[in-house]
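Reviewing the structure listed below.
Bear in mind that the values in this text are calculations on the coordinates, not laboratory data. This structure is a prediction, so every number in the text was calculated from the model and none was measured. Every residue, glycine among them, receives a Cβ derived from its backbone with ideal geometry; neighbour counts consider all protein chains shown.
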Amino acid sequence: MEDPPPSLPTPPKRQKASSLSNVSRTAVVLFLSLGIVIGGGIVGIAGHISSRDIQQQNAVAIIREGPDNQGKAGKTPPPVCGSTVQCGQTFTGEVKLTEDLYCPQTTSGNCAITLEGEDAVLDCNQYMIDGDIRVGNGICLRNSASAINCYVQKFEDGIYVENGGEVNECEVMFNIFGIRIENEASSTTKMKISNTYIHDNGDSGIYFVGSGESPESSETSIEVNNVKSNLNGGLGMFVGGRNVKLEVQVTDSETSNNDNSGIVISKLGRSDAAVDLELDGIISRYNENFGVYVSSVTGDVKVKGDVNLYKNGLSGFYAEDANVDIVVERRGALNSCGHLATGSFDNDIGSAGVGLATFSGNGYTCDSTSPNLSDIITCDPCPTCPSDDA
């Protein structure tokens, strides 16, 4: 079991200021299910989930095995139609489901279906993989395998990734962890999540852990693009490092309405971690604690496009015991709907958005030519704030 995220300050009791925050979780999920789109990539599909009658334990699939299961590597045979995918199987090639896969008997530490190697691709074809009792793993991706077009629900880990992989066009919900990733740092451990909706998981939506020998010699990366990780019982997204450098890129994504914080970046245990975090066009709002929380790491945080961190229980952005330089490439991009100040737990629109627990080693700039903290406080004028319904 990995080390848990660092303890965060308990949010003050408060009355939520926005009408959206008073809407029930059920209503929010219904609202999202009607077809909200991020960058044209995500469509609401809760209707599919509620209407589908999942009864089958085996799913008919089209299977195309990879080189590891062939007599001669590189000569891929045609798809085998009518084969049956059974719970617990492992594939090294292409698999395309044609029916739902129901695996309630999946036990802790095991997988409903496993993809092994970079040639392994699971296309669920918009069918469901259902675990029913939140035990075991739904889809396991190992060593750069991929999953696309999947609905995954009611496992301990909806999707479990080991040493790199790709998740695209999926919906992951009602698990304990939505997508959990463990990367041993090497040149191949790259993780990519795109066009995916992660919601209503009991703990974190995305939980990423990278491990290596030292931040100077080991590096691992995660790229999140056009993703929503909302309404989870813990964090929207956690990235933890153990003796490794973490390359983290979050683009055109949202981490909102989570019971803890939107995004947390931290080292794990008694180790060292460095981070290169790039934020470009994200929203993190209505979280109980922070919009973005960076703790106990060294490195750089770069804000490229609009990053709106507001209406969170504590600060929009908070750096604690971190030796990081934060560069906002365009004035007003960070928390563009509110003035920036330090040391405040008030993240209402038009008020403080940045808090510093430890000033030593933290550098804040509005652009590459403004190195002083005082400059960021006067980054005005404040553009029009996005509406609560945006």
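Run the numbers for Q86 and T107: contour at 0.36 nm per residue of separation, minus the present Cα-Cα distance, in nm. Intermediate values should be presented prior to the final figure.
On the way: separation 21, 0.36 × 21 = 7.56 nm, distance 1.46 nm.
Between Q86 and T107, full extension yields an extra 6.1 nm.
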Between T298 and E118, the FRET efficiency computed from the C-beta separation at R0 = 30 Å comes out, to the nearest 0.05, as 0.40
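Just the number: Rg to Rh for the stretch 90-325, Cα atoms, Kirkwood Rh, two decimals. Present the calculation step by step, with values, prior to reporting the outcome.
Working: Rg = 16.7 Å, Rh = 17.3 Å.
The Rg/Rh ratio comes out at 0.97.
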Residues of the stretch 263-280 with backbone N under 14 Å of the label point set 7 Å from the Cα of E216 along Cα→Cβ are 272-274
For L101, other-chain or 5+-apart residues with amide H closer than 5 Å (H placed, Pro excluded) are M128, I129, D130
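Quick check on my link table: of K190/K311; K154/K245; K190/K267; K96/K302; K228/K304, which ones sit more than 29 Å apart, alpha carbon to alpha carbon?
K190/K311; K154/K245; K96/K302
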